[in-house]
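The values are calculated or read from the model by the stated rules, or taken from the named source; none is laboratory data. Just so you know, these numbers come straight off a predicted model, no measurement behind them. Please note: Cβ atoms are built from the backbone with ideal geometry, for glycine as well, and neighbour counts cover all protein chains shown. Calculation scope for accessible area: heavy atoms of the full protein, side chains included, ligands and nucleic acids excluded. Shrake-Rupley method; radii C 1.70, N 1.55, O 1.52, S 1.80 Å.
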Amino acid sequence: MSTEQHSGQAAAHKVEPAKGKLGVMVVGLGAVATTMIAGVEAVRRGLAKPIGSLTQMGTIRLGKRTENKSPLIKDFVPLADLNDVVFTGWDIFEDNVYESAAHAAVLDKETLAKLKPHLETIKPMPAVFDQYYVKRLNGTHVKKGASKRDLADQVIADIQAFKKTVDRVVMIWCGSTEIFMEPTAVHQSLAAFEKGLDASDIGIAPSQIYAYAALSEGVPFANGAPNLTVDTPALIELSKKNAAPICGKDFKTGQTFMKTVLAPAFKARMIGVSGWFSTNILGNRDGEVLDDPESFKTKEESKLGSLEYIFQPELYPDLYKDIYHKIRINYYPPRGDEKEAWDNIDIFGWLGYPMQIKVNFLCRDSILAAPIALDLVLFLDLAKRSPQLRDRGIQEWLSFYLKSPQTAEGLYPEHDLFIQSMKLKNTLRHIMGEEVITHLGLEYYD
Ligand SMILES: NC(=O)c1ccc[n+]([C@@H]2O[C@H](COP(=O)([O-])OP(=O)(O)OC[C@H]3O[C@@H](n4cnc5c(N)ncnc54)[C@H](O)[C@@H]3O)[C@@H](O)[C@H]2O)c1
């Protein structure tokens, strides 16, 4: 055995094992959340396979290609077993997870009926909500508080009570998209943020109250929506201070997922792009919320970024400087969760000759998002148990799952799905003391 392998094994012991129950606190028990929770139960009961989940189905190559060593990721890193995962959550409506899943109508009635006894036991706690931040919703199951500080304390009390029933806790935002917000003075430091809680500063959105509560309790936090939430110096500071890893923003599911696959291919071959028009129709509650221009703006910003960063027009002005990138989301109730997305891509090749590509993705939004939400909670729990990851705040290696990845200040986000995938797997190798894989491969020709 080589010294590297020796030191590798020593380092592996440093990641704490996933002993006992993992409690997952979900903010917003809507379409994505209930599809994740119902799916986990279906998998536990052997009724379905966890398709789309890298943590459950993915493998990871270790060592040289000639070694033929590719264990399942879940056998390589110590992840919580699905049988040890316990869900709870908050919502502004009182529906239990069965009722909410039935309303979302993502999963068929037959499947839901089989899972009903379990799903109806999960009832939401009253939410922190303010219609100023999500115009199209009007919640009834809502906490009352004298100030934002008071509301944060109530969420902290919910977390502390849940902690008594499980061994570790992770929180994930699967709530609605809030209005577009930019960081203000209240977000610049933890001290300013805490003063802002006392003063009920308008810059502090409900999602930030949950995130503050989680991070104060050392609980990792994932942001599945494009909301500002933990993308602020104040909450990054708290994340590092309490070794509570964070990641965001916005699950990378349908159209952006396709964009971050196609765009790197054009760039790799030096194919130019003059326009990219993306439109969607969807009819679920998310679509209804996004019908409000202020929530749409938050989503639009999140979706727009990827092409700009992938194409690097400053490096390739001849190919990408004049791209016309347009995104539309249309609320169209008959489709429910079964979104349809169209992309028209105007590209140009050798000597500038134009061509077109049309992508028509008939997807199911929450079917794509549920395994991402699951993987994020399992990986954040892993990060919390890794001495090499837990104090770092932002977990950039999870950008693989996110439309608008959070990065260290001054660092541009990496959107290319395959670079993100390599970064994720190399992070797993690294924390387990295995050699990272560079794909250089010259040694095979020695
Ligand atoms: N479905 C996807 O593919 C996808 C992809 C990327 C991002 N997202 C984002 O994930 C989020 C959830 O999507 P969805 O399709 O499940 O939407 P949804 O409308 O079905 O569910 C959101 C739930 O959050 C609840 N909620 C809103 N504000 C809340 C608050 N302050 N506290 C507690 N609960 C609150 C709502 O009542 C609702 O039940 C949205 O922000 C969406 O933009 C979804």
Problem set entry | Amide H contacts of I347 (H built 1.01 Å from N, under 5 Å, at least 5 apart or other chain) | S274, M355, Q356, I357
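Could you give the accessible area per residue of the stretch 216-283, probe 1.4 Å, as a whole number in Å²?
On the way: 1760 Å² over 68 residues.
Ligands and nucleic acids excluded, the figure is 26 Å² per residue.
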For this session: Give the residues of the stretch 225-245 whose amide nitrogen is closer than 19 Å to a point set 7 Å from the Cα of E288 in the direction of its Cβ.
Result: none
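Please report the antiparallel percentage of DSSP beta bridges with both residues in the chain, rounded to the nearest 5. Before the final figure, lay out the partial values.
Working: 20 of 50 bridges.
Approximately 40 percent, going by the DSSP bridge assignments.
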For this session: Run through the DSSP bridge list for the stretch 1-151 and note the antiparallel percent, rounded to the nearest 5.
Result: 10 percent
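Can you tell me the relative contact order of the stretch 115-186? Whole percent, Cα pairs under 8 Å, sequence separation 6 or more. Display every interim value, and only then the final one.
Working: 27 pairs, mean separation 20.6, N = 72.
Computed value for the stretch 115-186: 29 percent relative contact order.
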Exercise. Going through the DSSP H helices of the chain, which span 24 Å or more along their own axis at the Cα atoms while scoring at least -0.5 as a mean Kyte-Doolittle hydropathy?
Worked result: 365-385
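Please compute the contact order of the chain in relative form: average sequence separation of alpha-carbon pairs under 8 Å and at least six residues apart, divided by the residue count, as a percent.
Numbers: 904 pairs, mean separation 89.0, N = 446.
Averaging sequence separation for qualifying contacts and normalising by length gives 20 percent for the chain.
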For this session: Skip the ligands, DNA and RNA, and give the accessible area per residue of the stretch 340-446 with a 1.4 Å probe, whole Å².
Result: 48 Å²
Seminar exercise, completed: For A185 and A48, extending 7 Å from Cα along the Cα-Cβ vector and measuring point to point gives, in nm, a value of 5.0 nm
Exercise. For D75 and K241 in the same chain, what is the full-extension length gain: residue separation times 0.36 nm, less their Cα-Cα distance, in nm?
Worked result: 56.7 nm
Problem set entry | Distance (nanometres) between label positions extended 7 Å along Cα→Cβ at Q160 and K19 | 2.5 nm
Problem set entry | Label-to-label distance, nm, for residues given as T121 and V86 (7 Å Cα→Cβ offset) | 1.0 nm
Exercise. Which whole-number value in Å² is the accessible area per residue of the stretch 30-103, probe 1.4 Å?
Worked result: 45 Å²
For this session: Give me the percent of the accessible area of the chain that comes from carbon and sulfur atoms, probe 1.4 Å, all protein chains in place.
Result: 54 percent
Exercise. Assuming R0 = 45 Å, what is the FRET efficiency of Q356 and T140, from their Cβ-Cβ distance, to the nearest 0.05?
Worked result: 0.40
Problem set entry | Subset of K19/K123; K116/K143; K252/K321; K74/K403; K163/K384; K74/K114 violating a 18 Å alpha-carbon distance limit | K19/K123; K116/K143; K252/K321; K74/K403; K74/K114
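Indicate the gyration tensor shape class of the stretch 26-84 (rounded, prolate or oblate), computed on the Cα atoms with a ≥ b ≥ c the square roots of the eigenvalues: a/c under 1.5 is rounded; otherwise a/b larger than b/c is prolate and the rest oblate. Before the final figure, lay out each step's value.
Numbers: a/c = 2.78, a/b = 2.47, b/c = 1.12.
The shape class here is prolate.
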Exercise. Pick from K74, K425, K109: which residue has the top mean-square fluctuation in a GNM of the chain where Cα pairs under 10 Å get a spring?
Worked result: K109
For this session: Using packing as a proxy for protection, rank 265-271, 229-235 so that the peptide with the highest average count of other Cβ atoms within 10 Å comes first.
Result: 229-235, 265-271
Exercise. So what does D108 come to for accessible area, using a 1.4 Å probe and Å² rounded to 10?
Worked result: 90 Å²
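Which order do L112, L440, L368, L319 take when ranked by solvent-accessible area (1.4 Å probe, heavy atoms of all protein chains), largest first? Could you put the intermediate results ahead of the total?
On the way: L112 5, L440 125, L368 50, L319 30 Å².
The ranking, largest first, comes out as L440, L368, L319, L112.
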